[in-house]
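The values are calculated or read from the model by the stated rules, or taken from the named source; none is laboratory data. The structure displayed is predicted, hence computed values, not measured ones. Backbone-built Cβ (ideal geometry, glycine too); neighbour counts: all protein chains shown. Protein only, heavy atoms only, side chains kept; ligands, DNA and RNA dropped before computing areas. Shrake-Rupley method; radii C 1.70, N 1.55, O 1.52, S 1.80 Å.
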Amino acid sequence: MKRKLALIMALALTVGTVLTGCGKASDGAAQTSADSAQTSDESDVAYIQGKGTLIVGITDFAPMDYKDDSGEWIGFDADMARIVAKKLGVEAQFVEIDWDNKIMELDSKNIDVVWNGMTLTSETTSAMECTRPYCNNAQVIVVPDTADAESADLVYAVEAGSAGEAAANDKGFQTNVVASQADALMEVAAGTSGAAIIDLLMAGAMIGEGTSYPNMKHTDELTTEEYGVGCRKGSDLAAYINTVFSESYADGSMKETATTYGVQEALVEQPKAE
């Protein structure tokens with residue numbers, strides 16, 4: 001009986017030791033996981049490299065981000081985003097977002113970057129970590145060939161949350177708020193809005209002879225502005241993109257990409273990489 005009791009006690013000690021060892025290993029794994037998560041929180045670059053994708057928030061906006069005949073996202077911004085993704089060693093993925101919710105999408109990590117001809121405003125620069133400007137732009141009024149601009153009777157189609165909407169509000173224009181700048185042009189083409197306010201670079205690509213809307217023209221420039229890329233507040237990704245901008249501007253690849261989409265004259269000169 002004593003021998004049987006001794007065996008039972010020895011077995012209990014063995015099981016306890018094993019369970020204690022498992023507990024330590026589990027605690028260690030949990031700590032490693034926590035350390036990894038903390039590193040990812042501190043460095044967006046490390047977080048993106050760890051998951052293997054750079055998720056780019058965009059809208060349908062030629063010549064910056066739009067689909068070709070095969071359904072692939074192309075454009076100056078799309079191509080530059082792929083260059084950055086390649087440098088990071090990850091794949092670029094493009095996600096269409098509601099432009100009015102771009103900051104929320106970024107902060108919730110549904111996307112990693114807002115890269116879609118984003119105007120640098122006090123709102124974007126205070127809510128995001130933004131890159132240096134890389135393109136000049138303006139907000140312009142687009143009307144049918146036969147129409148006048150800035151008529152008090154016009155309804156102006158504008159993208160929700162855009163610089164075009166802000167310009168219209170500043171002017172006291174009556175607006176028709178739509179989901180994208182592409183939709184704003186469609187409103188004018190359909191006659192449901194008398195005019196649209198869109199980016200000058202988009203107007204250059206989308207209206208006039210030889211384009212999708214040959215019977216439209218742009219008139220007044222309401223604002224002048226600059227484009228930047230938006231990252232999460234405090235993110236080290238903005239500085240990383242700045243370095244890629246500097247390198248690609250110096251080696252000519254940035255201008256070559258811009259020339260492909262007809263925006264080379266809008267490029268902002270980039271300083272030399274440090």
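Going by the structure shown, is Ala152 at pLDDT below 95, of a type outside the set (Val, Ile, Thr) and not in a strand (DSSP E or B)?
Numbers: at pLDDT below 95: yes; of a type outside the set (Val, Ile, Thr): yes; not in a strand (DSSP E or B): yes.
Yes.
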| remark: Within segment 188-244, residues being among the acidic types (Asp, Glu), in contact with a helix residue (DSSP H, G or I) (Cβ under 6 Å, 6 or more places away or on another chain) and open to solvent by 60 Å² or more (accessible area, probe 1.4 Å) number 0
| field | Check on Ser70, farther than 19 Å from Thr257 by Cα and part of a helix (DSSP H, G or I) | value | no
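If a residue counts only when it is at pLDDT below 95, surrounded by fewer than 19 Cβ atoms within 10 Å (Cβ to Cβ) and of a type in the set (S, T, N, Q), which strands (runs of 3 or more DSSP E) contained entirely in segment 90-147 have at least 2 such residues?
Result: empty, no element qualifies.
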| field | Scope segment 251-265; condition over 19 Å from the mean Cα position of the chain (by Cα) and touching a residue at least 60 places away in the same chain (Cβ under 8 Å); matching residues | value | Ser253, Thr260, Gly262
